[in-house]
Structures are given as C-alpha cells and as structure tokens.
1. If I filter the stretch 71-107 down to residues being over 24 Å from the mean Cα position of the chain (by Cα) and in a helix (DSSP H, G or I), which single residue comes out as surrounded by the most Cβ atoms within 10 Å (Cβ to Cβ)?
2. Among the residues of the stretch 178-205, how many are hydrophobic (A, V, I, L, M, F, W, C) and either outside the structural domain of Asn225 (by TED's automatic domain parsing) or in a loop (DSSP other than H, G, I, E, B) (or both)?
3. Just the residues that are among the charged types (D, E, K, R) and under 18 Å from Cys122 (Cα atoms), please, taken from the stretch 46-61.
4. Restricting to the stretch 288-342, count the residues that are in a helix (DSSP H, G or I) and more than 19 Å from Cys174 (Cα to Cα).
5. Scan the stretch 138-176 for residues that are over 19 Å from Gly283 (Cβ atoms) and out of contact with any helix residue (DSSP H, G or I) (no Cβ under 8 Å at 6 or more places or on another chain) and jot them down.
6. Within the group Ile46, Ile101, Ile57, which residue is out of contact with any Leu (no Cβ under 8 Å at 6 or more places or on another chain) and either assigned by TED's automatic domain parsing to the domain that holds Tyr139 or under 21 Å from Met1 (Cα atoms) (or both)?
7. What about Ile218, is it buried (at least 22 other Cβ atoms within 10 Å of the Cβ) and either part of a helix (DSSP H, G or I) or among the basic types (Lys, Arg) (or both)?
8. Testing Tyr137 on (1) closer than 30 Å to Tyr27 by Cα; (2) in contact with a strand residue (DSSP E or B) (Cβ under 7 Å, 6 or more places away or on another chain); (3) among the hydroxyl-bearing types (Ser, Thr, Tyr), one condition comes back false. Which one is that?
Amino acid sequence: MKTKVLYFHTGKSSFVVKDIEILKINYQVVDFLFDTSNKKRYWLQIVRQLYFIFSNIFSAKLIVCQFAGHHSFFPILFSRFFLKKSVVVAGGTDCVAFPSIQYGNFNNRFLSLTTTFSLKSCDLILPVHQTLVEYDYTYQANDYKKQGYQFFVPTIKTPYQVIPNGYDAQKWFCDTEKENNSFVTIGAGLDSRFGFKLKGIDLIFEIAKKFPDCIFYILGGSGINHQAPSNVKLLDKIPNHELRAILSKMRFYLQLSMSEGFPNALSEGMLCECVPIVSNVGGMPDMVSDNGFILQHKNLTELYEVLDKALHHNHLDQIGQQARKRITENYTFSNRKDKLLSAVNQLM
C-alpha cells in the first residue's frame with residue numbers, strides 16, 4: 001500500500017492538479033480544499049479542516065501545503081505535534097507585501113502570523129522561483145524595495161529548494177497563423193480590490209488608447225467594473241481545454257503584473273509561440289530572458305516604447321519560436337516531477 005500524503009490547497013488550479021498528479025505516482029494523495037471564496041464561512045472551513053486532519057493524520061506520513069497562510073496553519077501545527085513531515089510549496093502571494101494595493105500575505109497582520117508560522121515550522125519550503133525567497137524590487141517605488149519571504153521573516157532557518165513549475169509542450173503549441181497586433185492577458189480575480197492593479201490591467205487600459213489599431217484581449221476580465229477602451233475586449237474565463245486555441249492566435253502575451261512568482265499562463269502562452277511582454281517582477285524576466293520584451297519600470301512612457309519596439313520588430317515569428325524553445329528546454333513537466341518526488345522522498 002502506498003504511503004499516505006495529505007495535500008492542502010485553496011483551489012484546484014492547474015499547478016495544484018499537476019502536483020497532485022505527480023505525487024500520486026509514488027503516494028496515496030488525499031487532498032483538502034480550504035475554500036476562501038466566502039470570508040464569512042472561514043470558521044466553518046476551519047472546523048471542516050480540523051475534522052479532516054484528525055481523520056487522516058494518524059495514517060499519513062507527510063503534509064503538503066500549496067502556499068502558506070491561514071489554510072496551512074493547523075496542518076503544519078499538527079504535523080509537528082504528531083511528528084509528521086511537512087512541506088510548503090511557496091508560489092507568490094505568500095511571499096510578498098504590497099501595501100499600495102493591499103496585496104500579499106505579509107501585508108495583513110493576521111495572515112502574516114499564520115504564514116510566518118507555517119514557513120518557519122515546516123520541514124521544507126519549495127518555492128517555484130528564487131525571487132520568492134528574496135530579491136531587489138525595482139519595478140515601482142510605492143512598496144518595499146525587497147520582496148520574498150526571507151525579507152519579511154529574516155530569522156527563518158527552514159531549508160528550501162527551488163523547483164520551477166513544469167509544462168507539457170505536447171499540450172501547448174501553436175497550430176494556426178497569428179493575428180497581427182493582437183495582445184492577450186489572462187487573469188483571475190481581476191474584479192477584486194487589488195486585482196486590477198496587481199495584474200497591470202490599469203496600464204493596459206491606458207496604453208491601449210495609444211495603440212488604436214491593436215486589440216487587447218483580457219481573459220477573465222468580464223467582471224472588471226472599469227470603463228474599458230473600445231479596443232480592449234473583456235472576456236469570460238476560458239475553460240482550460242479551450243485555452244490553447246486562443247493563445248495560438250495571439251501575437252503577444254502581455255503580463256504587466258506588479259507581482260508574480262512563476263505564472264503558468266505566461267509559460268503556456270510562450271509554448272503557443274506568443275511573443276512575451278512582461279514586467280520586471282518575480283520570475284518573469286528569467287523565464288523570458290532575451291526571448292521577448294521586458295518593461296523595467298511601471299511607467300507609461302516606457303511601456304509605449306516597449307510596445308512600439310515589439311510591434312515594429314521584423315522577426316516576431318522567430319521570437320515566438322524562441323520563446324517556446326525557452327520553456328521546452330528549461331521548464332518541463334518531467335523536470336518538476338523528478339525534483340518534486342526526489343525532495344519529498346528525502347523527507348520520508
């Protein structure tokens with residue numbers, strides 16, 4: 001019989017599904033969804049989680065938490081009490097604070113406490129990029145000049161291992177001609193108090209006015225309550241199995257976020273040969289390297305210059321192909337699978 005692993009998450013996003021798939025190769029995985037969509041029912045979620053923990057922890061050997069936060073506090077606490085090993089997969093919001101838009105776990109006092117406890121008390125942290133550990137933040141000047149959990153928890157001694165996300169190049173590819181002057185951005189929670197600025201939609205709305213011959217598609221943007229320019233199309237969230245067909249048509253993938261860890265949608269867009277245009281935050285400059293365009297600062301004039309340069313580039317097809325190659329050579333599903341299983345196996 002396979003060893004039991006308890007896996008805690010706040011939603012079955014694509015990276016959660018893939019990590020559960022990986023762990024199931026060697027382990028019996030039992031997952032728990034801590035639903036954060038209704039803040040008024042938090043206590044009910046805690047009661048449900050405690051019941052789940054005490055029903056399963058005695059027969060389990062490992063606790064895995066996707067992100068640190070409220071939902072990881074009790075799993076990590078009881079893993080220590082019952083001498084079970086525990087892992088936190090750090091992915092983004094659990095490693096940052098942006099007071100200017102009220103975003104990030106370390107921007108909230110209570111959330112900061114549960115995040116800090118989880119990161120300091122687990123046996124291993126698995127960030128998806130080195131910038132989630134600590135890096136100099138220079139994109140805009142309204143927030144901390146450093147980001148990463150080690151900056152906010154300077155006394156932390158928990159060992160960590162960076163394991164990037166991985167992607168299946170056979171699932172994500174381009175099989176159609178690109179639409180000229182087309183940009184696509186994919187986001188979730190864009191109607192939240194911070195989502196509009198966090199994902200750079202405010203910049204897109206402004207820059208779109210200066211490029212009237214271009215079309216900017218925002219997938220997941222139908223709930224945005226700001227008035228969009230006529231050439232910005234706010235669309236519903238697209239089911240994952242339909243997404244490749246959309247990305248294949250788009251010339252540019254635009255990701256102008258104030259904060260990112262290792263965004264899946266950007267990687268999937270690059271695999272579909274979209275030319276990436278990204279902000280200088282988190283893992284994105286490393287992901288893109290010299291196979292796209294990087295906005296160094298949150299500045300409309302700089303953004304205009306970047307987009308103008310991209311639109312007038314003579315070899316966009318070649319850059320798109322190079323962007324795909326960048327992902328296929330460096331961020332494969334098999335690489336994440338091997339490293340994740342190896343890290344977990346060493347703990348058991």
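1. Keep residues of the stretch 71-107 that are over 24 Å from the mean Cα position of the chain (by Cα), which gives 77-85.
Cutting the leftovers down to in a helix (DSSP H, G or I) gives us 77-81.
On the way: Leu77: 17, Phe78: 17, Ser79: 26, Arg80: 14, Phe81: 9.
The selected residue is Ser79.
2. So the answer is 3.
3. Lys61 - this is the single residue of the stretch 46-61 that is among the charged types (D, E, K, R) and under 18 Å from Cys122 (Cα atoms).
4. 21
5. Of everything in the stretch 138-176, those that are over 19 Å from Gly283 (Cβ atoms) and out of contact with any helix residue (DSSP H, G or I) (no Cβ under 8 Å at 6 or more places or on another chain) turn out to be Ala141, Pro154, Pro159, Gln170.
6. Ile46
7. no
8. Against the list (1) closer than 30 Å to Tyr27 by Cα; (2) in contact with a strand residue (DSSP E or B) (Cβ under 7 Å, 6 or more places away or on another chain); (3) among the hydroxyl-bearing types (Ser, Thr, Tyr), Tyr137 comes up short only on (1).
The values are calculated or read from the model by the stated rules, or taken from the named source; none is laboratory data. Because the structure is predicted, anything quoted here is derived from the model rather than measured. Note that each Cβ is placed from the backbone with ideal geometry, even for glycine, and that neighbours are counted across all protein chains shown.
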